[in-house]
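The values are calculated or read from the model by the stated rules, or taken from the named source; none is laboratory data. Just so we're clear, the structure is a prediction, and the values are computed from it rather than from any experiment. Virtual Cβ from ideal backbone geometry, glycine too; neighbours counted across all protein chains shown. Quick note on the areas: whole protein, heavy atoms, side chains included, nothing else; ligands and nucleic acids left out. Shrake-Rupley method; radii C 1.70, N 1.55, O 1.52, S 1.80 Å.
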Amino acid sequence: MLASSLAMAHDEPASASERRARWSAIVIVAALVVLLGTTLWLAFRYEQTEKQESLSVDVRAAASTIRSRLRETEQALLLSASELRREDGETRFRQAARELVIHNPALLRIERRRADGTLVDAVDAPAPRPRVDEAHRIRIPLPTQLALSAAGGGERLAYSRPHYLQITEGTGFEVIELAASEPVDGGDVLFAVYSLPRVLDVFLPAELIAGNQVMFTEADGTLIARATHGAKGRGTYVAGAPLELGGTTLTLRADSMQGPPKLIPNLLAAMLVAVTGALALSVGLLWRDVRLRTRTEQALRAQHAFRKAMEDSLITGLRARDNEGRITYVNPAFCEMTGFSMEELIGHSPPMPFWRPETADAYAQRESEIHMLSAARLGYETSFRHKDGHVFPVLIFETPLIDVSGRKAGWMGSILDLSEQKRAEELNRRQQEKLQETARMASLGEVATTLSHELNQPLAAITSYATACENLLERSDLTALRGALTRIHDQAERAGQVIKSVNDFMRRRKLERQPVEIRELILSLEPLIRLQARKHNVRIAWRSTGDTRVMGDRTMLEQVLLNLTRNAIQSMADTPQRDRSLEITATRLDDSDPPSVEVSVLDRGHGVPVEARPMLFQAFFTTKSSGLGIGLSLCRTVIEQHAGRLEFEPRPGGGSRFGFTLPALTENDA
């Protein structure tokens with residue numbers, strides 16, 4: 001209680017100091033963030049305003065340039081219109097018009113029209129500029145008519161409203177026309193036809209077109225024409241300037257292809273961000289240092305307690321060794337497993353105290369081989385000796401122990417005590433043997449009921465032949481006597497074969513693998529099978545095809561075959577006598593991989609219900625009223641021990657087929 005109170009009293013000031021440090025750091029970081037944000041915003045606004053003003057100045061200068069170039073054309077047209085009344089006026093007109101369209105790339109055509117709009121003469125721009133189709137200028141459009149009226153009404157100069165002029169079939173331009181009339185009323189009017197896209201392409205500086213989308217618009221923003229060069233603007237920087245023309249007003253508009261300013265627009269802002277980030281990082285590191293100083297001791301205590309609890313709760317033994325084989329660490333489970341304390345084991349070099357003295361050299365050799373390998377995980381089974389002297393089996397997994405620099409500093413071993421597992425395996429093996437013995441006893445009980453009847457036949461025959469021999473001796477008929485003695489010998493061997501088959505079947509043996517000919521196996525079991533078959537009036541037929549040799553335990557395979565034939569015979573108890581037939585086949589399958597021998601037992605019994613088929617090979621499951629339910633389970637176990645498989649399938653026409661497949665004996669195996 002006292003130690004707990006002291007710890008709480010020590011933690012309270014530390015927590016208050018930590019909270020003050022946290023809030024101080026938060027305030028400093030917040031102030032830095034506000035300062036940095038304000039600075040960046042001001043820099044952002046400054047750059048944005050500067051770029052916008054620069055674009056506005058460029059657009060106003062471009063509009064002034066266009067107006068100046070248009071004014072030059074106005075003066076030239078007025079001069080040509082004043083000279084039309086001279087004797088060589090027409091010649092002067094064509095010469096002046098030709099020079100004008102050559103030196104002004106934005107002009108498409110110079111026309112001379114009457115006051116009523118009738119076309120008198122025209123000079124087209126040289127190639128490659130597009131030429132105006134005369135067929136499309138016979139009826140002049142309304143904007144041209146308005147400009148013609150304005151110029152002929154005393155103003156002398158007038159611009160038409162922008163309109164679309166068809167140059168050829170399917171093509172055309174947005175144009176604007178400049179009209180200049182003679183100084184006398186009712187005189188001719190000269191028209192200069194401008195292509196608005198070419199006005200933008202020719203009159204504007206290349207730098208403005210390259211960095212902006214330049215266009216002519218109405219006062220309300222309706223697009224009239226755009227420059228043929230330059231990409232689409234991004235809408236961030238847009239500027240416009242009015243272009244006052246006689247009779248109409250256009251707006252020159254530029255949309256910059258530049259995006260908004262970057263977050264850090266210049267070196268000064270970048271340095272400010274870096275300095276602010278460094279200050280924030282310093283504050284964070286100081287805060288982290290304060291937290292670490294106040295929590296390090298508690299974290300170390302908690303970590304040590306957790307590690308100790310984890311080590312104490314493990315049931316797997318842990319053992320660490322360095323590259324020389326010395327033990328550097330063991331957990332309590334390993335100490336309890338071997339009976340030695342940590343002090344006795346840590347620092348110990350081979351040979352280890354838990355090694356068995358008679359196998360110490362083998363231990364040393366195995367550990368030397370393991371240390372030479374670079375595998376990530378190695379497992380092997382061996383045995384240790386407890387401190388009190390008893391020996392127990394263990395399973396060891398060795399893993400390289402890697403240090404912080406990535407080099408192998410030794411080996412870490414996980415040790416499992418296999419004593420309980422071995423005992424469970426031995427108990428299971430004994431139970432399996434008892435189940436097999438029980439199955440043999442159950443089979444013997446059924447065989448014993450008819451064994452006496454089967455043996456009575458050869459014994460009665462022996463008695464009859466012996467009596468015949470006595471009679472033949474009295475008559476001295478040696479040839480007949482020799483035949484009778486031969487028959488006595490055959491019947492005696494038959495009775496002995498029946499008893500031997502029962503004896504071998506009931507004898508308890510270990511699994512001894514040897515070459516077994518299935519055909520001979522069936523032949524040797526035939527007396528016992530027929531013994532059961534006669535009881536139920538069942539006919540037996542068997543055949544074999546090919547080399548049916550397998551590698552296995554003869555007695556175990558006999559037990560499987562007897563169980564399957566007995567079940568087949570019993571299943572036909574209610575079958576009409578004419579249909580009671582049992583077929584046994586043994587066939588070699590060379591087309592399988594690897595080659596195998598298939599043995600089938602086929603009957604015409606009542607079959608297996610559909611609902612019982614999934615549980616057919618489970619232990620203690622049976623469809624018989626007096627069965628134990630272990631026969632088929634044992635059969636499957638025996639076949640699987642021989643690397644085979646046991647199968648069931650309903651037989652077409654009624655009945656069942658139980659069969660098993662075993663690996664065939666090859667020439668190499670023989």
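Scanning region 383-434 for residues that are free of Cβ contacts under 8 Å to residues at least 12 places away in the same chain and part of a loop (DSSP other than H, G, I, E, B) yields GLY389, HIS390, ASP403, VAL404, SER405, GLY406, ARG407. Kindly indicate which of ALA360, ALA333 is among the hydrophobic types (A, V, I, L, M, F, W, C), under 19 Å from VAL391 (Cβ atoms) and in contact with a Leu (Cβ under 6 Å, 6 or more places away or on another chain). None of the other options fit; the residue is ALA333.
Pairs, please: C-beta under 6 Å, at least 6 apart or cross-chain, first residue over 26 Å from GLU420 (Cβ atoms) and in region 303-324, second at pLDDT 80 or above? Final answer for the pair search is ARG321/ILE327; ARG321/GLY410; ARG321/TRP411; ASP322/THR328; ASP322/GLY410; ASN323/GLY410. Looking across region 527-561, the residues that are among the basic types (Lys, Arg) and either closer than 26 Å to ASP579 by Cα or assigned to a helix (DSSP H, G or I) (or both) come down to ARG530, ARG534, LYS535, ARG539, ARG543, ARG554.
As for region 73-96, it holds no residue that is under 22 Å from PRO242 (Cβ atoms), in contact (Cβ under 8 Å) with a residue 12 or more places away in the chain and open to solvent by 60 Å² or more (accessible area, probe 1.4 Å). Candidates in region 56-85 are the residues that are of a type in the set (D, E, K, R) and touching a helix residue (DSSP H, G or I) at 6+ places or on another chain (Cβ under 6 Å); of these, the one that is modelled with the lowest pLDDT is GLU83. If only residues of region 288-305 that are modelled with pLDDT of 75 or more and among the hydrophobic types (A, V, I, L, M, F, W, C) are counted, the one that is most open to solvent (accessible area, probe 1.4 Å) is LEU300.
Yes or no, residue by residue, for (1) at pLDDT 75 or above; (2) open to solvent by less than 70 Å² (accessible area, probe 1.4 Å); (3) in a helix (DSSP H, G or I):
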site	(1), (2), (3)
GLU311	no, yes, yes
ILE315	yes, no, no
ARG319	yes, yes, no
PHE334	yes, yes, yes
HIS348	yes, yes, no
TRP355	yes, yes, no
SER368	no, yes, yes
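The number of residues in region 546-582 being within 18 Å of SER596 (Cβ to Cβ), open to solvent by less than 50 Å² (accessible area, probe 1.4 Å) and charged (D, E, K, R) comes to 1. Checked against the criterion of being in a helix (DSSP H, G or I) and either modelled with pLDDT of 85 or more or farther than 26 Å from LEU223 by Cα (or both), the candidates ALA192, ALA127, ALA180, ALA97 yield just one match: ALA97.
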